[in-house]
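Since the structure comes first, as structure tokens, the remarks are kept for the end.
The values are calculated or read from the model by the stated rules, or taken from the named source; none is laboratory data. Predicted, not measured: the structure shown is a model, and the values here were computed from it. Note that each Cβ is placed from the backbone with ideal geometry, even for glycine, and that neighbours are counted across all protein chains shown. Note: accessible area is taken over every heavy atom of the protein model, side chains too, but ligands, DNA and RNA are not part of it. Shrake-Rupley method; radii C 1.70, N 1.55, O 1.52, S 1.80 Å.
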Amino acid sequence: MKILIAEDDPVSRRLLEAFLSKWGYDVAVTRDGREAWAVLGEADAPSLVVSDWMMPKVDGLELCRKIREMQRSHYTYFIILTAKERKEDVIQGLEAGADDFLIKPFHQEELKYRVQIGERIIKLEQRIMVLASTDPLTGVLNRRAFIERMEAEINRSIRESTPLSLILTDIDFFKSINDRFGHQAGDLVLQKFTEQLSKFSRPYDFVGRYGGEEFVVCLPGGDEIHGHSVAERMRKKIEEMKTTLPNASHVKITASFGVASLRIGYKETVDSLIKRVDEAMYKAKHEGKNRVCGR
């Protein structure tokens, strides 16, 4: 985990860096609140801050307030380091949004355990965020999380004039699997199906469950040719896939794929792109299933 130190006193700063590094943390060191604020604006900003209260330019309380006013996708745990220990000072720090206090001169074991408390809270939040954004059966993004991420990718593609493609796929005759083998078998097929979709995805592609047996794949930077190529490779692999059920029987499936690419300059939105890829997928269904169609 990455921790940010904001401390103008060189002795305290070196001690903090030495202790935190010894305990295995990735440490970013700044000398005042202004430098710390710049680091917190970076893409991989630390999730835990140990900040002195009294600093030049921007002090610890002002830094904490600025963090609490930010629209961040994750929580920043804030520990105030100070010689102030009056009740009024503690209340003032809590009102600014601080999570914990460490009184100078601090003991390294106290620092260690207070940081560990913050780390546990951050990891708990991360786990909650993962559970809130993923489909519990398949482990891919749920519909809401996928749409949110796709909206950000579309905005970036439009801003940078880069391609983006979307694949929508639906398992053919999936209801017959549930009817014949039961829902447990159907769940297993869905899991194996999404495993294959993920295998053909690059690290920066992402897969989501759109609904039921429908899944969607976003390919940032992928043009129409790339989108069709990926969809066709997925289709062939799904056709070759054999799923072994709990009763030792085997089931084979096929899937229909629709592909749509972002049209730069056409005021494209998430809804318009999904509408086109949905039309392409249903075209594949109507033309005989187990095929790739574009729109």
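Residue under question is THR76, and the condition is that it be polar (S, T, N, Q) and surrounded by fewer than 19 Cβ atoms within 10 Å (Cβ to Cβ); does it hold?
No; evaluated as a whole, the condition is false for this residue.
Quick check, is LYS87 charged (D, E, K, R) and touching a residue at least 60 places away in the same chain (Cβ under 8 Å)?
Judged against the criteria, LYS87 is not a match.
What are the residues in segment 97-119 that are among the basic types (Lys, Arg), farther than 25 Å from GLU69 by Cβ and either at pLDDT 95 or above or part of a helix (DSSP H, G or I) (or both), if any?
Listed by number, the list holds a single entry, LYS112.
Among the candidates ALA38, ALA28, ALA45, which residue alone is at negative phi and surrounded by fewer than 17 Cβ atoms within 10 Å (Cβ to Cβ)?
ALA38
What are the residues in segment 48-65 that are open to solvent by 60 Å² or more (accessible area, probe 1.4 Å) and either modelled with pLDDT under 90 or assigned to a helix (DSSP H, G or I) (or both), if any?
PRO56, LYS57, GLU62, ARG65, listed by residue number.
Filter the strands (runs of 3 or more DSSP E) completely within segment 223-284 down to those with at least 1 residues that are aliphatic (A, V, I, L, M) and more than 19 Å from LYS175 (Cα to Cα).
In segment 223-284, the matching strands (runs of 3 or more DSSP E) lie at 255-261.
Would you confirm, using the coordinates I've provided, whether LEU137 is outside any helix (DSSP H, G or I), at negative phi and either of a type outside the set (S, T, N, Q) or open to solvent by 70 Å² or more (accessible area, probe 1.4 Å) (or both)?
yes
Kindly indicate whether VAL217 is surrounded by 15 or more Cβ atoms within 10 Å (Cβ to Cβ) and within 20 Å of LEU262 (Cβ to Cβ).
For VAL217, the condition - surrounded by 15 or more Cβ atoms within 10 Å (Cβ to Cβ) and within 20 Å of LEU262 (Cβ to Cβ) - is met.
Check THR82 against each of (1) within 29 Å of ILE128 (Cβ to Cβ); (2) buried (at least 18 other Cβ atoms within 10 Å of the Cβ); (3) more than 31 Å from the chain's Cα centre (by Cα) and name the one condition it does not meet.
So THR82 meets the others, but not (1).
Looking only at segment 1-27, how many residues end up being in contact with a strand residue (DSSP E or B) (Cβ under 8 Å, 6 or more places away or on another chain) and either over 15 Å from VAL49 (Cα atoms) or among the aliphatic types (A, V, I, L, M) (or both)?
Adding up the residues that qualify gives 9.
If you scan segment 149-168, which residues turn out to be in a helix (DSSP H, G or I) and either of a type in the set (S, T, N, Q) or within 12 Å of CYS218 (Cα to Cα) (or both)?
ARG149, MET150, GLU151, ALA152, GLU153, ILE154, ASN155, SER157 - these are the residues of segment 149-168 that are in a helix (DSSP H, G or I) and either of a type in the set (S, T, N, Q) or within 12 Å of CYS218 (Cα to Cα) (or both).
Identify, by number, the condition in (1) open to solvent by 80 Å² or more (accessible area, probe 1.4 Å); (2) touching a strand residue (DSSP E or B) at 6+ places or on another chain (Cβ under 9 Å) that LYS175 doesn't meet.
In the conditions (1) open to solvent by 80 Å² or more (accessible area, probe 1.4 Å); (2) touching a strand residue (DSSP E or B) at 6+ places or on another chain (Cβ under 9 Å), LYS175 misses (2) alone.
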